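Inspection log for the structure reproduced underneath, given as structure tokens.
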Amino acid sequence: MPFSRLAAATTPTAHIGLGLAAVGRPGYINLGREDDLPAERTVDAERDRTHELLDAAYAQGVRYFDVARSYGRSEEFLADWLNARPDVDDVVVGSKWGYTYTAGWSTDAEQHEVKDHSLATYERQRAETDALLGDRLDLYQIHSVTPDSPALTDKELHARLAEAAAGGLSIGFSTSGPAQADAIRAALAVRVEGEPLFRTVQSTYNVLETSAGPALAEAHDAGLTVIIKEGMANGRLAAPHAPDVLKAVAEETGLGCDAVALALILRQPWVGVVLSGAATVTQLASNLHAPVVDLDADQLTRLATLVEDPGAYWERRGSLPWH
């Protein structure tokens with residue numbers, strides 16, 4: 001299992017990964033993004049920013065990098081970085097299939113990505129990922145599984161994924177939406193010839209949205225590595241957008257709202273990796289302070305008051321504009 005490399009790591013930052021959703025394409029839904037990235041978001045400018053982040057992350061102990069077919073050119077940018085650094089052989093690389101990027105490098109496209117969990121899409125995107133990342137790919141995840149996803153019931157797809165697993169590739173899935181817990185539990189039940197298919201789960205969990213927590217604990221107990229995405233709630237937990245309670249706790253710790261928000265996630269015993277979605281090196285450096293944040297009982301109680309109803313949280317997320 002590639003994630004055994006992280007389990008054996010002694011540096012705290014090895015359990016923080018870098019996701020490239022925000023920098024692999026010119027448009028995304030994170031708040032404040034218009035100030036974080038260059039005004040001219042050319043392919044070369046985004047590639048340079050991605051490589052700058054990867055250099056900074058690796059130098060500070062980050063060892064998991066997360067991309068997806070739908071994150072614009074994220075796989076390409078990561079592949080370029082890896083190919084230029086053949087000595088970097090201790091990282092874990094994960095990508096995702098199931099969404100096709102359709103924005104054509106535009107920030108105001110009518111549709112930015114199209115979801116399809118069919119076997120045909122898997123085969124096409126697996127070939128596309130292989131052409132870029134080759135044997136550097138450790139983990140391939142079904143992107144944003146929901147309880148009604150055909151990927152949970154398609155036996156032919158399961159058989160093909162099991163073949164990839166037999167060849168050494170770890171197979172995982174990510175979730176989204178207010179019914180993440182149901183999707184996780186359904187995925188845990190998927191078997192191929194009596195063996196569990198999935199080895200990792202990547203879900204949204206943060207100060208505002210904690211509903212997947214119990215199911216993620218069950219996944220951990222079942223032997224899956226748990227990866228947390230959107231720990232910053234797409235920028236809603238970063239200053240200046242953070243709730244007053246979070247700002248107050250951050251001031252008490254002497255660190256940023258982002259470090260406190262990510263620290264709360266790292267406290268969960270079932271968490272394997274928490275993704276930073278930083279778009280700047282400064283944001284990344286602040287995120288990487290999360291392992292040293294020490295929260296007391298009173299601070300934890302106050303932060304717990306920020307939890308939102310899952311339906312309301314996901315409705316708000318769905319209304320965020322693409323910048």
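The values are calculated or read from the model by the stated rules, or taken from the named source; none is laboratory data. All values derive from a computational prediction rather than experimental measurement. A quick note on method: Cβ atoms are made from the backbone with ideal geometry, for glycine too, and the neighbour counts reach across all protein chains shown. All accessible areas refer to the heavy atoms of the entire protein, side chains included, with ligands and DNA or RNA removed. Shrake-Rupley method; radii C 1.70, N 1.55, O 1.52, S 1.80 Å.
Worth pointing out:
- Segment 134-205: relative contact order as a whole-number percent, Cα under 8 Å and 6+ apart: 36 percent
- Each eigenvalue of the Cα gyration tensor of segment 240-282, multiplied by 5 and square-rooted, gives one semi-axis; in descending order these are 19, 15, 9 Å.
- The mean accessible area for residues of the chain, using a 1.4 Å probe and ignoring ligands and nucleic acids, is 40 Å² per residue.
- Segment 92-144 - percent of accessible surface contributed by carbon and sulfur, probe 1.4 Å: 45 percent
- Measuring r between the beta carbons of L320 and D148 and using R0 = 22 Å, the FRET efficiency lands at 0.45.
- Springs join every pair of Cα atoms under 10 Å in this Gaussian network model of the chain, and among V43, V226, V93 the largest mean-square fluctuation is at V43.
- Normalised by 2.2 N^0.38 Å, where N counts its residues, the alpha-carbon radius of gyration of segment 178-234 equals 1.14.
- The translational diffusion coefficient of segment 42-112, from Stokes-Einstein at 20 °C and 1.002 mPa s with a Kirkwood hydrodynamic radius over alpha carbon pairs, comes to 163 µm²/s.
- Label-point separation, Q268 to E128 (7 Å along Cα→Cβ), nm: 3.0 nm
- Computed over the chain: relative contact order in percent, which uses C-alpha pairs under 8 Å that are six or more apart: 20 percent
- Modelled label reach - D89, point 7 Å along Cα→Cβ, segment 51-78 residues with backbone N closer than 20 Å: 58-59, 61-65
- Distant-in-sequence amide contacts of V192, defined by a placed amide H-H separation under 5 Å and a gap of 5 or more residues or a different chain, comprise L197.
- Percent antiparallel among DSSP beta bridges (both partners in the chain, rounded to 5): 15 percent
- Computed FRET value (nearest 0.05) for T42 with A189, which takes r as the C-beta separation and R₀ as 30 Å: 0.10
- On full extension, the segment bounded by D182 and E251 gains 21.2 nm, given 0.36 nm per residue less the C-alpha separation.
- Filtered GluC sites (Glu not before Pro), segment 241-323: DSSP coil and at most 10 other beta carbons within 10 Å: none
- Amide H contacts of S276 (H built 1.01 Å from N, under 5 Å, at least 5 apart or other chain): G17, L18, G19
- Less than 5 angstrom separates the built amide H of Q141 from those of S95, K96, W97, G172, all sequence-distant by 5 or more or on a different chain.
- Cα-based Rg / Dmax (Å) for segment 61-182: 14.8, 43
- Each listed q (0.19 Å⁻¹) maps to a log10 I(q)/I(0) for segment 278-323, found by the Debye formula over equal Cα scatterers with no solvent: -0.95.
- Each residue, T102 and R5, gets one label point 7 Å from its Cα in the Cβ direction; the gap between the two is 3.5 nm.
- Charge tally in the Cβ shell below 13 Å around R302, where Lys, Arg are +1 and Asp, Glu are -1, R302 excluded: -4
- Note that segment 185-323, at 10 °C in a medium of 1.306 mPa s, gets a Stokes-Einstein diffusion coefficient of 100 µm²/s from its Kirkwood radius over C-alpha pairs.
- One compactness figure for segment 123-233 is 1.05, namely its Cα radius of gyration divided by 2.2 N^0.38 Å.
- A crude spin-label estimate for the pair D35 and V292, with each label 7 Å from Cα along the Cβ direction, gives 2.5 nm.
- Using the Karplus relation 6.51 cos²θ - 1.76 cosθ + 1.60 with θ = phi - 60°, the per-residue 3J(HN,Hα) values for segment 247-256 come to 4, 5, 5, 4, 4, 5, 7, x, 10, x Hz, with x marking Gly and Pro.
- Among A68, A217, A59: highest mean-square fluctuation, GNM of the chain, C-alpha pairs under 10 Å: A59
- Evaluated at q = 0.34 Å⁻¹: base-10 log I(q)/I(0), Debye formula over Cα of segment 142-186: -1.17
- For the chain, the number of Lys pairs separated by eight or more positions or lying on different chains, with C-alpha atoms closer than 25 Å, is 6.
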